[in-house]
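No lab work stands behind these numbers, since they all come straight from the coordinates. Since we're looking at a predicted model, the values are computed, not measured. Neighbour counts run over all protein chains shown; Cβ positions are idealised from the backbone, glycine included.
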Number of protein chains: 2
Amino acid sequence: MPQLRKDPVTKRWVILLHEQKKLPADFKIEHAPKQTNKCPFCPGNENMTPVELMSYRSENTLPNEPGWQVRVIPNRFPALQIEGDLDRMGLGVYDMMNGVGAHEVIIESPNHEDGFHNYSSEQISRVLHTYVERYRDLSRDRRFRYILVFKNNGSAAGASLDHPHSQLIATPIIPKRVMEELEGAKTYYYYKERCVFCDIIRQELSQGERIIHENESFVAFEPFASRFPFETWIAPKDHKDCFGDIDKSEIDGLADIMQATIKKLIKTLDNPPFNFIIHTSPCGEHCTDYFHWHIEIMPRVTKIAGFEWGSGFYLNHMSPERAARFLINPNYKG
Amino acid sequence: MPQLRKDPVTKRWVILLHEQKKLPADFKIEHAPKQTNKCPFCPGNENMTPVELMSYRSENTLPNEPGWQVRVIPNRFPALQIEGDLDRMGLGVYDMMNGVGAHEVIIESPNHEDGFHNYSSEQISRVLHTYVERYRDLSRDRRFRYILVFKNNGSAAGASLDHPHSQLIATPIIPKRVMEELEGAKTYYYYKERCVFCDIIRQELSQGERIIHENESFVAFEPFASRFPFETWIAPKDHKDCFGDIDKSEIDGLADIMQATIKKLIKTLDNPPFNFIIHTSPCGEHCTDYFHWHIEIMPRVTKIAGFEWGSGFYLNHMSPERAARFLINPNYKG
């Protein structure tokens, strides 16, 4: 079982996957994506993966056989394991617990060459419905405090397989960055009695200079303090704290804006590696007043060096206003 | 002038270097180190850099001419600029200020091929004396709240030039990660009336299983909650909050342990890219009771993906106990 360890100074948790007995020579950064002879995520190779947890599939097709449009499987090399108790322990100044959790892979399409560059909004809707369904199912497990849905696209963004997929990790603690965001939003709420994200969205819509796309329910914009060139956030216009509460018509609106926004990023940056992460409230916590769920998309086009690691203070060579101009106008030359 | 912007939720600051008017095509991650025909850091090319701020040089040689062993120059492309006032401003929900600070480059050796793989401890001592001298000089400037000394070694760790060098950035704010570390240490101190780092060092020395090297004044160890394989910290055994207060004999001890430790990392991981960062107390703040300066060395041998970015929760495939065994025993086979 993986072990969770906590840094006694910063309260940062780490998952130790020490059971794989890696050697120093296993840690060579590889720049080229791994070439697999036979992709385990392609239709026909379902027996290469663990048994599926759910799928969207054509009528009269069987689980773990071809015919699916979206397929969810447990990660074959899970960061956290679904079975077991937390068993919190101390060791002098240190704290640890068992690595209990869930780690699932959402295969976004049967087509190996697919991706956000060519998804229909119907396909994105199916993927989003899948996220929501898995989110709701796992959030019923009382051992889990947080559910993180994210995508690593491209080798430089951490993807180890080319076939389009995203991931979900349910954790037994509230991760540090999430906690910071919740506490920042709570502090603002106590001071103003308003949601900080609602205030941001109002200001962005009225200023207009960082908006990328907008529809009835959602807005996409470059955040004022963008850490990375072309960092982009998507948020619901109405105040909602939990991604899991999204309804069917909102999913269609989210699919529309994700398609439009990510296509613009892919076009402007010539198919960059990117991550996106759904930021939502913790399982079973009431953050209704002050938190506002959203998606953060981070093109991975710059390197993170010692300064950023040591300080959490970012250097960005592209202002969000200028990035917005490149994204909304393909003919903008700067 | 660069602009500092603050995220209203997480209180994270970002430096916007928007004056260089970069284009989207400028943001392509390059994997190969840049080849320069003529290295601006090599002796004989002193006129390619800004005028030097200090140097260790042979008698009867002139500033900005060859004959130096260590040379400090302002960064030609500074993240922050030394001249100007902070001019804090608000814009609705957002806060910003001018990018005032200092950004210096410490050229560690006249020899382009040098590095921690072959430095003598005398050369490391000279580099450390330089860090201390620049630290003390800049900490007298009342506009600066923090001075960050760090090294990016290798292209994958963010170095843009091969010639061995480290950097120093003086910032007008206390960066977020530093603040977190200070607050964590302060909380522990209020509870226990002891320094958390002193407790960690005591426990590490008594357990022994994560220790890499030790001398009279310093200890090098793999931290209990290592974020990265072979992450290594070096700390003074005696409680001291500020790197700038180090004395001459301690510098010799630090040079000894840095040489031994980094050589072990370079050998075990076959010359990995790495960063190191000096964690010290802020300028002019009294953290005497609860903070303990130290150096964090991070081999950059794994990729940071969406999960880590979204959560601040790290996945590590190498336990610090096992990493220590590989580092202290070159014949350990795992």
Given charges at Cβ of Lys, Arg, Asp, Glu: segment B:177-328 dipole, positive-most of B:N275, B:M258, B:I304 | B:I304
Mean residue ellipticity at 222 nm from the helices of the protein assembly as shown, using -39,500 (n - 2.57) per DSSP H segment of n ≥ 4 over the full residue count, to the nearest 500 deg cm²/dmol?
-> -8000 deg cm²/dmol
With the label set 7 Å along Cα→Cβ, B:H286 is separated from its counterparts in the other copies, in nm and shortest first, by 4.2
Summing +1 per Lys or Arg and -1 per Asp or Glu among the other residues with Cβ less than 9 Å from B:L327's Cβ gives +2
Could you give me the radius of gyration and the Dmax of the protein assembly as shown, taking only the C-alpha atoms into account and expressing both in angstrom?
-> 25.1, 89
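Going by how many other beta carbons lie within 10 Å of each one, how would you line up B:M97, B:M1, fewest first? Please report the intermediate quantities before stating the final value.
Values: B:M97 17, B:M1 12.
Ascending number of Cβ neighbours within 10 Å: B:M1, B:M97.
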When only alpha-carbon atoms count, how far does segment B:280-334 stretch along each of its three principal axes, as whole angstroms with the largest first?
-> 47, 33, 16
Alpha-carbon Debye profile of chain B, log10 I(q)/I(0) at 0.10, 0.11, 0.14 Å⁻¹ = -0.64, -0.79, -1.33
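How large is the translational diffusion coefficient of segment A:1-103 in µm² per second when you combine the Kirkwood radius over alpha carbon pairs with Stokes-Einstein at 4 °C and 1.567 mPa s? Before the final figure, lay out each step's value.
Details: Rh = 16.9 Å.
In µm²/s, the coefficient rounds to 77.
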Return the whole-Å distance between the Cα centroid of segment A:200-246 and the Cα centroid of segment B:257-334.
-> 36
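Taking only the Cα atoms of segment A:252-299, how large is their convex hull per residue, in Å³? Let's see the in-between values first.
On the way: hull volume 4.3 nm³, N = 48.
Output value, Cα hull per residue: 90 Å³.
Given the pairs A:K240/B:K192; A:K151/A:K186; B:K176/B:K267; B:K11/B:K237; B:K22/B:K267; A:K303/B:K192, which are separated by over 30 angstrom at their Cα positions? Mind showing how you got there, number by number?
Working: A:K240/B:K192 40 Å; A:K151/A:K186 27 Å; B:K176/B:K267 33 Å; B:K11/B:K237 33 Å; B:K22/B:K267 38 Å; A:K303/B:K192 39 Å.
Going by Cα-Cα distance, A:K240/B:K192; B:K176/B:K267; B:K11/B:K237; B:K22/B:K267; A:K303/B:K192 fall outside the 30 Å limit.
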Could you grab the relative contact order for chain A? Cα pairs under 8 Å, six or more apart, rounded to a whole percent.
-> 16
Bins of 10 Å from zero: percent of alpha-carbon pairs in segment B:177-328 | 11, 39, 37, 13, 0
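Quick one: work out Rg over Rh on the C-alpha atoms of segment B:133-228, Rh as Kirkwood radius. Could the numbers behind the result be given before it?
Numbers: Rg = 16.9 Å, Rh = 16.5 Å.
Radius of gyration over Kirkwood radius for segment B:133-228 works out to 1.02.
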In whole percent, the Cα-Cα distances of segment A:204-265 spread across 10 Å bins from 0 upward as 21, 53, 25, 1
Length-normalised contact order for segment B:177-328 - Cα pairs under 8 Å, 6+ apart - percent = 31
Once amide H atoms are built 1.01 Å from N in the peptide plane, which residues 5 or more positions from B:V219, or in another chain, come under 5 Å H to H?
-> B:A235, B:K237
The answer for the net charge of residues other than B:R142 whose Cβ lies under 14 angstrom from its Cβ, with Lys and Arg +1 and Asp and Glu -1, is -1
